Amino acid sequence: MKNSPKYNLFKNTKYAIDGFLIALKTESSFKLELFLFAITLIVLWFLDLNTNLNFIIIVASLLVLLIELINSAIETVVDMITVKYNKLAKKAKDIGSAAVMISISIYVMSWLFVIWSIYEK
């Protein structure tokens with residue numbers, strides 16, 4: 001017999017919104033990245049890009065937010081488990097940070113691709 005909770009769509013949605021709001025209140029990196037996402041959307045509004053290029057930038061921006069949320073969850077669990085220095089705790093946090101760095105690199109490369117595509121015309 002599986003030990004899985006009996007959630008429904010409304011409860012799952014509430015949990016997701018709660019998680020988003022918690023990150024917004026407590027995670028400064030997430031707040032900054034969300035602000036940059038808003039700036040990105042404004043910039044895209046004024047640029048005359050085709051749908052595909054807009055899609056690339058928006059997906060890359062959302063990827064940064066997604067990975068930041070996962071990294072924050074990892075850091076929260078690690079902090080819950082131990083307050084003392086631990087090599088494995090550091091490893092988990094550093095790997096999460098590396099994932100954020102890679103997602104930001106993808107975002108930057110996406111912008112470089114879009115800029116290159118504009119000037120190629």
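FYI, it's all coordinate maths here, none of it is from the lab. Quantities reported herein were computed from a predicted structural model and do not represent experimental measurements. All Cβ positions, glycine included, derive from the backbone under ideal geometry; neighbour counts span all protein chains shown.
Once segment 65-121 is narrowed to residues that are under 21 Å from the mean Cα position of the chain (by Cα) and of a type in the set (Ser, Thr, Tyr), the residue that is nearest to Thr51 (Cα to Cα) is Ser110.
A quick yes/no check of all residues on (1) touching a residue at least 60 places away in the same chain (Cβ under 8 Å); (2) touching a helix residue (DSSP H, G or I) at 6+ places or on another chain (Cβ under 6 Å); (3) not acidic (Asp, Glu):
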| position | (1), (2), (3) |
| --- | --- |
| Asp48 | no, no, no |
| Asn54 | no, yes, yes |
| Leu88 | no, no, yes |
| Ser97 | no, no, yes |
| Ile106 | no, yes, yes |
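Just a yes or no: is a residue in segment 74-81 among the aliphatic types (A, V, I, L, M) and farther than 25 Å from Ile17 by Cα? No, that holds for no residue. Here Thr76 does not qualify as among the hydroxyl-bearing types (Ser, Thr, Tyr), farther than 24 Å from Leu44 by Cα and in contact with a helix residue (DSSP H, G or I) (Cβ under 7 Å, 6 or more places away or on another chain). Residues considered: Lys25, Lys11, Lys6, Lys91. Of these, the only one that is exposed (fewer than 11 other Cβ atoms within 10 Å of the Cβ), outside any loop (DSSP other than H, G, I, E, B) and not hydrophobic (A, V, I, L, M, F, W, C) is Lys25.
Here Leu41 clears all of (1) without any contact (Cβ under 8 Å) to a residue 12 or more places away in the chain; (2) surrounded by fewer than 15 Cβ atoms within 10 Å (Cβ to Cβ); (3) of a type outside the set (Val, Ile, Thr) except the condition numbered (1).
Looking only at segment 44-78, filter to residues that are among the hydroxyl-bearing types (Ser, Thr, Tyr) and either touching a Phe, Trp or Tyr at 6+ places or on another chain (Cβ under 9 Å) or under 21 Å from Ile118 (Cβ atoms) (or both); which one of those is surrounded by the fewest Cβ atoms within 10 Å (Cβ to Cβ)?
The extreme case among them is Thr51.
Taken together, Ile70, Ile115, Ile102 contain a single residue that is farther than 25 Å from Leu24 by Cβ, without any contact (Cβ under 8 Å) to a residue 60 or more places away in the chain, of a type outside the set (Asp, Glu) and assigned to a helix (DSSP H, G or I), which is Ile115.
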